[in-house]
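The values are calculated or read from the model by the stated rules, or taken from the named source; none is laboratory data. Keep in mind that what you see is a predicted model, and the values were worked out from it rather than measured. Cβ: placed from backbone, ideal geometry, glycine included. Neighbour counts: every protein chain shown. Only protein heavy atoms, including side chains, enter the accessible area calculation; ligands, DNA and RNA are left aside. Shrake-Rupley method; radii C 1.70, N 1.55, O 1.52, S 1.80 Å.
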Amino acid sequence: MKQRIFLLSLSALLLLSLCACQETEPKEETNEPQETTSAETGWTQVEEPLNLTDYAAGEDRKIIPEDWSLPAGTVRDFTRIEVKGDLLLYGDYQETVMPYGFTVSRYADGTLTPVYTFDEGDVMTYQQFFSPDGSKLGFLWASVLPAKQENWKVRLVDTTTWQEEDIALPPREGAPTFLAVMWVDDNTLKLGSGGEDADGNMVPMVWTYSLTA
């Protein structure tokens, strides 16, 4: 467990360095559309810098409202949380993953009522879980590590019905060394990925996915 978590953390540091280098390189001017859609997965590759800081949940999402009185032990030193309206997502983490999944509960008058539980695999902590309007959850998870391409999926959850759907990731050369997902708007996801190409060069790639397509 500790070894795989260390590898994920190291990958994150490597990708941060990669992003910083890429943003300083001039991009070739072109009038052609820089998008490629995968018919198999529905993801559209976009030509843009991979700025990893955009994928982190804002600090305002991690603050427990002052008028909430949570049951003792809900939030500990290593509990990843995210708040949206009266919903609280929480789960214990180790470095960059929640190895035991997480729970979403609805808060009211000092009581948490569980409405959704994910316990099928490891969940990346470095991501935005709730869509801007709170109507959906989106998160990266894997049932098997290390991070082979076929092991990772994006789970979508409707927070009104709690129905679930898994989306396969877009194909890329070699196994990804780091993945991050964020909400662009209420119906669009963005996926950032770092990995090696056929020549062994580290290459960042970015895709978008429309839920209304």
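Results, tabulated for the structure shown:
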read-out: Test: residue in region 111-120 that is part of a loop (DSSP other than H, G, I, E, B), closer than 19 Å to Arg61 by Cα and touching a strand residue (DSSP E or B) at 6+ places or on another chain (Cβ under 6 Å); value: no
read-out: Test: residue in region 174-182 that is open to solvent by less than 60 Å² (accessible area, probe 1.4 Å), at pLDDT below 90, assigned to a strand (DSSP E or B) and farther than 19 Å from Val97 by Cβ; value: no
read-out: Only one of Glu59, Glu32, Glu23 that is modelled with pLDDT under 50 and farther than 17 Å from Met202 by Cα; value: Glu32
read-out: Unique match (being surrounded by fewer than 17 Cβ atoms within 10 Å (Cβ to Cβ) and under 25 Å from Trp207 (Cα atoms)) among Gln128, Gln163; value: Gln163
read-out: Residue count, region 61-83 (criterion: within 17 Å of the chain's Cα centre (by Cα) and open to solvent by 60 Å² or more (accessible area, probe 1.4 Å)); value: 1
read-out: Test: residue in region 140-149 that is open to solvent by less than 10 Å² (accessible area, probe 1.4 Å), more than 30 Å from Asp86 (Cα to Cα) and not charged (D, E, K, R); value: no
read-out: Qualifying residue in region 201-210 (condition: open to solvent by 40 Å² or more (accessible area, probe 1.4 Å) and not in a strand (DSSP E or B)); value: yes
